[in-house]
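*Asks:* I'd like to ask some things about the structure below.
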Amino acid sequence: MTVSRSPGAARTLRGELRALVTPGPRMADEWACVASVLLAILLAHMLGATMVAWAAFTAFVLLKSDVGETLLRGVMRMTGTLIGSPLALAVVPYASGSVAVSMTAAALVGAVGLYGMITARRAYAWLLFGLTFEMILLDKIARPDLDTLDFARTRLLEVAAGTIACTLVSLAVGAMAGKRWWMDRKPPPDRMRWHPQAARHAAQAGLAIATLPLLHALFRIPELPQAAVTIMAVMIVPVAGIGKSGFVPVTRRLLHRAVGCLAGAHLLWRSCCLPRAASRSSSPELASASSSAATSRTACPR
């Protein structure tokens, strides 16, 4: 199998790598992102979080060039998580043992969270509210022995570690750049009234999430939380882009997500799994070669 190499793609990659060492705002943002992720991993280990990767992901998605926006997104992420976790802890004991109840709960909370994400002023908090609830519920369905209280606690620790790391790095970068971010506050977005097209779009997402407990009951499909994250992520489209149907923008986002996941998995396989497999396969050959050489030396007369 041969892989075609596009000159344009190679040129783009070289440009992206060059930006890492070219002084300017782009370089500052990228290295700030690296520092934020590394600090989040360190804080997550110090706090005793289990899923350290989620802390790193939090730090990665929160960081923005604008310090004030980073702080606001951090507050909203923590707020959404703090609201979604207790609700999940209250509902999960009743929902996890019943497919019908779990489907209803997943659909309602998923639809409300997505509707708030695409229409509310504090959209990010609504998204994290829905995501946190779905992750705890679906993880409990996939793993009945899961301690939901401990899972919710480590989820809070992971989000807190990523948020604190991102905030500290953003404040440090802003201070070094001499930014007076508190003087340059952006006006809040306008409130949006009831939007029937957005409600229909959110209901479709809720129905899609509702199928996950049923699919698990029928086919024991693993990693249900990631499926819910995918559904909510690809359904996030601007209200103006929904129209009579959000099929086109959602399909485009699905394609982008699939390509990105495949590219990331391929890179991980090439960098981690392939070298290990090669070393394991070469070890018996080396042992056989050494044994043959020793036999030859023994059989050969001096």
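The values are calculated or read from the model by the stated rules, or taken from the named source; none is laboratory data. Owing to the predicted nature of the structure, the values given are computational and were not obtained by experimental measurement. No Cβ is skipped: glycine too gets one built from the backbone with ideal geometry, and neighbour counts run over all protein chains shown. Just the protein is used for accessible areas: all its heavy atoms, side chains included, with ligands, DNA and RNA removed. Shrake-Rupley method; radii C 1.70, N 1.55, O 1.52, S 1.80 Å.
*Asks:* On a 1.4 Å probe surface of the protein chains, which of 134, 223 comes out largest in accessible area, and what is the full order?
*Replies:* Result of the area sort, largest leading: 223, 134.
*Asks:* Among 156, 39, 142, whose Cα projects farthest towards the positive end of the dipole of the range 32-181, with charges put on the beta-carbon of Lys, Arg (+1) and Asp, Glu (-1)?
*Replies:* 39
*Asks:* Oh, and also: Which order do you get for 166, 261 if you rank them by accessible area with a 1.4 Å probe, largest at the top?
*Replies:* 261, 166
*Asks:* Further question: If DNA, RNA and ligands are ignored and the probe is 1.4 Å, what is the ranking of 146, 214, 262 by accessible area, most exposed first?
*Replies:* 262, 214, 146
*Asks:* Suppose R0 equals 41 Å. What FRET efficiency, 1/(1 + (r/R0)^6) with r the Cβ-Cβ distance, do residue 271 and residue 214 give to the nearest 0.05?
*Replies:* Details: r = 37 Å, r/R0 = 0.91.
Given R0 = 41 Å and the Cβ-Cβ separation, E is 0.65.
*Asks:* Something else now. Within a Cβ distance under 15 Å of residue 115, other residues only, what is the Lys/Arg minus Asp/Glu net charge? If you can, show how the numbers build up before the last one.
*Replies:* Details: positive: 121, 122, 191, 193, 200; negative: 134.
Spelling it out: positives minus negatives among the neighbours equals +4.
*Asks:* Let me ask something additional. Sticking with the crude label model, points 7 Å out along Cα→Cβ, report the distance from residue 207 to residue 11 in nm, one decimal please.
*Replies:* 4.6
*Asks:* Could you state the orientation-averaged shadow area of the convex hull built on the Cα atoms of the range 137-272, in nm² to one decimal?
*Replies:* With every direction weighted equally, the projected area is 13.3 nm².
*Asks:* Follow-up question, since we're still on this one. Got a number for the accessible area of residue 219? Probe 1.4 Å, square angstrom, nearest 10.
*Replies:* Spelled out: residue 219, probe radius 1.4 Å, area about 140 Å².
*Asks:* Leaving out ligands, DNA and RNA but keeping every protein chain, what accessible area does residue 149 have, in Å² rounded to the nearest 10, with a 1.4 Å probe?
*Replies:* Result for residue 149: roughly 110 Å² accessible.
*Asks:* Then there is this: Considering only protein heavy atoms, what is the solvent-accessible area of residue 73 at a probe of 1.4 Å, reported in Å² to the nearest 10?
*Replies:* 40
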